[in-house]
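The values are calculated or read from the model by the stated rules, or taken from the named source; none is laboratory data. Keep in mind it's a predicted model, so treat the numbers as computed, not measured. Virtual Cβ from ideal backbone geometry, glycine too; neighbours counted across all protein chains shown.
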Amino acid sequence: MASVEDKLKERIKELTCLYEVTSIIVNCDYNEIEVGLQAIVSCLKKAWQYGNDTQAVLATESYYIETKKEHKDYIFITSTITVFNKNKGELKVGYPASKYMLGDFLEEEKQLLDNVALEVGNLLERKEIKENEILIKRQVEQADRLRILGEITAGIAHELNTPLANILGFAELLKDRNKHDKQAAKDVDKIINSAIYSREVVKKLMFFACEMPQQKKVVKIIPTIKEAIELLNPILKTKNITYKFATTNEDIALKIDGIQLTQVLFNLVMNAVYFSPEGGTIVLEVADRQQEVEISISDEGPGIKDKIGDKIFEPFFTTKPIGDGSGLGLSVVHGIVKSHKGTITHSCNTPKGTIFTVTFSKL
């Protein structure tokens, strides 16, 4: 039978533990949350009646922390860690099974464990809320930046269209007047080719800014996708890249501009081919969801670094060497998808590479 003094000492240990846990949580840095959880587990070990024999364990989907294990088998009391009313793990404290029984745990210790598990759950909830806030803020900033870029780009494209048309028109006239001067004709051809290239760049900028007219109609997209990939087969064979296609429904239909869908696929698959290693695999999957259609293209390339993840849809941003790309491919894709009220995202492939996912609403 424990004396009043012993009971008082145990209550002081429990209250001290709860105070320390609360202090750790209040001062916890969300970027180093594991350090805080380790400190909480250490506090638990000290709060129990037989502290020297105690082992404390915290186990969640993302973390596993335990104090030093001195014995092979333990008997534990356990409390569930809940995050937004979902079971995300457990907190448990144990004694060596060879020396103790469940009856050696105090009722107050069980209450303490429940309270600490509740506090840990609240901490993990706040961390998740913070991460979601940061993610939403980043998405809003990116959308705002792309909107401003779209407005600027549209203005530039409109301003360039007229002088480019004049350059092409007058160059054609010069070519007619200098039919007999071969060198002059060659020079004029260079002017014409450069103007045509510039016009194509302007057209891509207008795609990004959603300024290009569309001819939307209901089409079955699987044949369109297969036709687009057939055209790319020679390039795939040249680099010895394997291509895999899968769909949950061969009869998926969307109201879409078929030519622009082909352009989206061309740009994304060509990007995947460029960054894929020789002998790699590109996978294109089309999933028919309840309210939307999801097209994903995955490669086995080096992937996209976090620090440039927010920039890849901006015009003229490219990681390719000079001369290998204009930096307009993904911005064009973004513009087309946006004009169809869709979304495009990228994520890491496993074990390496990138997955681009384009989502179109059925409505």
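Below is a table of values for the structure above.
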| quantity | calculated |
| --- | --- |
| Matching option when the condition is assigned by TED's automatic domain parsing to the domain that holds residue 297, farther than 17 Å from residue 222 by Cβ and of a type in the set (S, T, N, Q), among 267, 249 | 267 |
| Residues within region 345-363 that are part of a strand (DSSP E or B), surrounded by fewer than 20 Cβ atoms within 10 Å (Cβ to Cβ) and in contact (Cβ under 8 Å) with a residue 24 or more places away in the chain, tallied | 6 |
| Residues of region 234-292 that turn out to be crowded, with 18+ Cβ neighbours inside 10 Å, β-branched (Val, Ile, Thr), over 20 Å from residue 330 (Cα atoms) and in contact with a Lys or Arg (Cβ under 9 Å, 6 or more places away or on another chain), as a count | 1 |
| The listed residue being assigned to a strand (DSSP E or B), in contact with a Ser or Thr (Cβ under 9 Å, 6 or more places away or on another chain) and either among the acidic types (Asp, Glu) or assigned by TED's automatic domain parsing to the domain that holds residue 10 (or both), out of 93, 116, 41 | 93 |
| Matching residues, region 277-304, being of a type in the set (D, E, K, R) and in a strand (DSSP E or B) | 285, 288, 292, 294 |
| Members of region 213-233 that are closer than 21 Å to residue 338 by Cβ, in contact with a helix residue (DSSP H, G or I) (Cβ under 8 Å, 6 or more places away or on another chain) and either hydroxyl-bearing (Ser, Thr, Tyr) or surrounded by 12 or more Cβ atoms within 10 Å (Cβ to Cβ) (or both) | 214, 219, 221, 224, 225, 228 |
